[in-house]
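**Student:** Below are the structure tokens for one structure; questions will follow.
The values are calculated or read from the model by the stated rules, or taken from the named source; none is laboratory data. These numbers were taken from a predicted model, which means no experiment stands behind them. Cβ atoms come from the backbone with ideal geometry, glycine included; neighbour counts cover every protein chain shown. To get the accessible areas, we keep the full protein, side chains included, count just its heavy atoms, and leave off ligands, DNA and RNA. Shrake-Rupley method; radii C 1.70, N 1.55, O 1.52, S 1.80 Å.
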Amino acid sequence: MTNSQKNYNASEELDITPHSTSTRPNLKGDRLNVFLLILLYIMQGIPFGFSISALPIILQSKKVVTYGEQALLSYILWPYSLKLLWAPLVDVHYIQCIGKRKSWLLSVQYLTGVFLLYAANNINDWIPEKGKPNILILTCVFFVLNLLVSTQNIVVDSWALTMLKKANVGFSSVCSSSGFAIGVMLGSVIPVLLTSEDFCNKHLRFTPGMGGIMTLESILFTCGILFILVATLIAIFKKEKDDRSEGNHSQPRVTNSYKLLWDIVKLPNIRVLLIALLTMKVGFSAMRNSLVYLKLVDVGIPKDDIMILTTAMFAVKIVTPFAVSKYTSGPKPMSVCLKSMPIKLIWSLTYIAFIHFTPMIIYRNGVLNVPIYYYIILGFLNAISEALSYIMLVAITAFFSRISDYRFGGTYMTLLNTVSNFGMTYSSSIGLKFIDFLTFKKCSNDSENNCSTSDLKNTCDTNGGNCLVTIDGYYVEIIICVVIGFIWYWMFKNTLKSFQTKSSSYWMVYVDQKSEQNDDIAVDFSSK
């Protein structure tokens, strides 16, 4: 039998209804599933928020941790970037009597709970009141925690494809975006603020007391119990749908699980989509709020005020996915993303004027005095920017959910999310790198000295001058990025819109069932 014949026969057994004709979403019968998904994503976000924000801040406040040690600690986040390496194994290893996804979910949840209880029991030794924290053991323990939680992310992303009704699968992006944002906020804010004596005495206590109202030990212990409790409730009350009877459900052997990943990449539509995802965020390289905040700190805005504003933006991240769920859960979520993109590109130009006039607003006779209306304007600009970013994120994640082959959902969703995240990461790094390259300066008392090297800067300082910025590379970069963004938009707009109308068979990877029945013959994956 030829590959084309196998594809034809397999597609007859699979749902090949074009996405544009999908049933309207209706949460009736799925509300508890949506609640469970949100809860699971919140739990994933808590360790991530603690690792990326709370733990580094707590250690830095000890005044005995070097930046080199902080760099070592940053390795605890690597599992989120590397999870594609073991995602195929999650799709093929499982205990059928427990459930394809429950097998992994229960295992990683119980292990996560045990590690959190272990961390709670030892955290006071690892981070003593006085003395040097044990950075190495903290890195090892929280690396394992994030390894477990990133595996849970693979499992939940995949389970959402079958847990929800086919018409409601677009809601999975709302659950992941809002739930993870809530978890990150809880993991970032609670360990820092509720363990702070100053904050608790100022805002939470009627009479001053010693220490915070919680300790790191109690917070980690509570999280550990939460993971174990939720896993137990899922084990008892949540049944996983057995979808082996739905169409072509042969599973690849372990030795061929990574061939499956390669065959997904070889799908023609996937190749185009991956290129689009890798280049999509280049147009937003200069528009990250983190980069905006760095510029504002440079011109004099207090970093504490920036932190408060950053925390306030979590409200936008949590509310936006629910506000747009009516549109992103429909049959054409990519259209929502594409409509938001040019608006965000144009909106980014407002930062040029805002940052340019900031020094004139916040300084009076050389004294820093930031008026309230300045923060209101900044909050408004950032809220619109964050809302547009999250609309695009929710929409594109909903699109991933609609096109992913649910049989290999862990591998499929992890591949698309990893490539999308990598596109954001490298474009942000490029954005930071090129600001200095695009910035031009000159020495205040020597027009021939352009301050382009350390020696020229030192010469200018030695002669009593200052290196003055003549062209700010940040403004130049924003304009360049907007141009690149619109070029990308016109190149990929029609292609990505057309992807929404393609039938499911265009995204399926077909497994030759006969080869699975013979252990001596390798699995044949044929892609349409």
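**Student:** Which whole-number value in Å² is the accessible area per residue of the range 107-208, probe 1.4 Å?
**Tutor:** For the range 107-208, the per-residue accessible area is 41 Å².
**Student:** Taking the Cα centre of the chain as the origin, how large is its charge dipole in debye, to the nearest 20, when only Lys and Arg (+1) and Asp and Glu (-1) carry charge on their Cβ atoms?
**Tutor:** It works out to roughly 1220 debye.
**Student:** Leaving out ligands and nucleic acids, and using a 1.4 Å probe, what accessible area per residue does the range 302-389 come to in Å²?
**Tutor:** 50
**Student:** Then there's this: What Rg and what Dmax come out for the range 372-507 when only alpha-carbon atoms are used, in angstroms?
**Tutor:** When restricted to the Cα atoms of the range 372-507, Rg and Dmax are 22.6, 71 Å.
**Student:** While we're looking at this one, here's another question. Based on the inverse mean of 1/r over its pairs of different Cα atoms, what is the Kirkwood hydrodynamic radius of the range 72-158, in Å?
**Tutor:** Mean inverse Cα-Cα distance, inverted, gives 14.2 Å.
**Student:** So what is the calculated 222 nm ellipticity per residue for the chain, using -39500 (n - 2.57) for each DSSP H run with n of 4 or more, over all residues, to the nearest 500 deg cm²/dmol?
**Tutor:** Result for the chain: -21500 deg cm²/dmol, rounded to the nearest 500.
**Student:** Here is a follow-up. Using the Kyte-Doolittle scale, which helices in the chain average at least -1.0 and also have C-alpha atoms spread 24 Å or more along the helix axis, with helices defined as whole DSSP H runs?
**Tutor:** Qualifying helices: 31-49, 102-126, 135-163, 171-193, 216-237, 303-323, 372-403, 409-438, 473-499.
**Student:** Going highest first, how would you order 321-330, 403-412 by mean Cβ packing within 10 Å?
**Tutor:** Most protected by this proxy first, the peptides run 403-412, 321-330.
**Student:** Run the count for the range 44-166, please: Lys pairs, Cα-Cα under 17 angstrom, 8 or more apart or on different chains.
**Tutor:** So the count of such lysine pairs works out to 4.
**Student:** Give me the percent of accessible area attributable to carbon and sulfur for the range 89-162, probe 1.4 angstrom.
**Tutor:** Accessible surface attributable to carbon and sulfur in the range 89-162 totals 64 percent.
**Student:** Another question about this same structure. Could you give the Stokes-Einstein D for the range 27-174 in µm² per second, using the C-alpha Kirkwood radius, 4 °C, 1.567 mPa s?
**Tutor:** D, rounded to a whole number, is 77 µm²/s.
**Student:** If you add up the charges near THR328, with Lys and Arg at +1 and Asp and Glu at -1, over every other residue whose beta carbon is less than 13 angstrom from its beta carbon, what do you get?
**Tutor:** Neighbour charge sum, excluding THR328 itself: +4.
**Student:** May I pose another question? Please report Rg (one decimal) and Dmax (integer) in Å for the Cα set of the range 275-346.
**Tutor:** Answer for the range 275-346, Rg first and Dmax second: 15.5, 47 Å.
**Student:** List the lysines whose Cα sits under 22 Å from the Cα of LYS339, skipping any in the same chain fewer than 8 residues away.
**Tutor:** The qualifying lysines are LYS281, LYS317, LYS326, LYS493, LYS497, LYS502.
**Student:** For all pairs of alpha-carbon atoms in the chain, what percent lies in each bin of width 10 Å, listed from the first bin to the last filled one?
**Tutor:** Computed distribution, short to long bins: 3, 16, 25, 25, 18, 9, 4, 1, 0.
**Student:** So what is the accessible area of the range 391-507 per residue, in Å², with the probe set to 1.4 Å?
**Tutor:** Heavy-atom accessible area per residue stands at 47 Å².
**Student:** Kindly point out, ordered by number, any Cys in the chain whose beta-carbon has no other cysteine beta-carbon under 4.7 Å away.
**Tutor:** CYS97, CYS140, CYS175, CYS200, CYS223, CYS337, CYS481
**Student:** If you don't mind, there's one more thing I want to ask. Which of MET163, ILE123, ASN369 sits farthest toward the positive end of the charge dipole of the chain, with +1 on the Cβ of Lys and Arg and -1 on the Cβ of Asp and Glu?
**Tutor:** Final value for the positive-end residue is MET163.
**Student:** Putting +1 on Lys and Arg Cβ atoms and -1 on Asp and Glu Cβ atoms, find which of ILE213, SER335, TYR41 reaches farthest to the positive end of the dipole of the chain.
**Tutor:** SER335
**Student:** Still on this structure, I have one more. Quick one: which of 109-115, 383-389, 210-216 comes out on top by average Cβ neighbours within 10 Å, and what's the full order, highest first?
**Tutor:** Averaged packing, sorted descending, gives the order 109-115, 383-389, 210-216.
**Student:** Moving on to the next point. Heads up, I need the accessible area for GLU197: 1.4 angstrom probe, whole protein in place, Å², nearest 10.
**Tutor:** Roll a 1.4 Å probe over it and GLU197 shows about 70 Å².
**Student:** Compute, for the range 34-124, the length of the dipole vector about the Cα centre, with Cβ point charges of +1 (Lys, Arg) and -1 (Asp, Glu) only. Units Debye, rounded to 20.
**Tutor:** So the dipole magnitude of the range 34-124 works out to roughly 100 debye.
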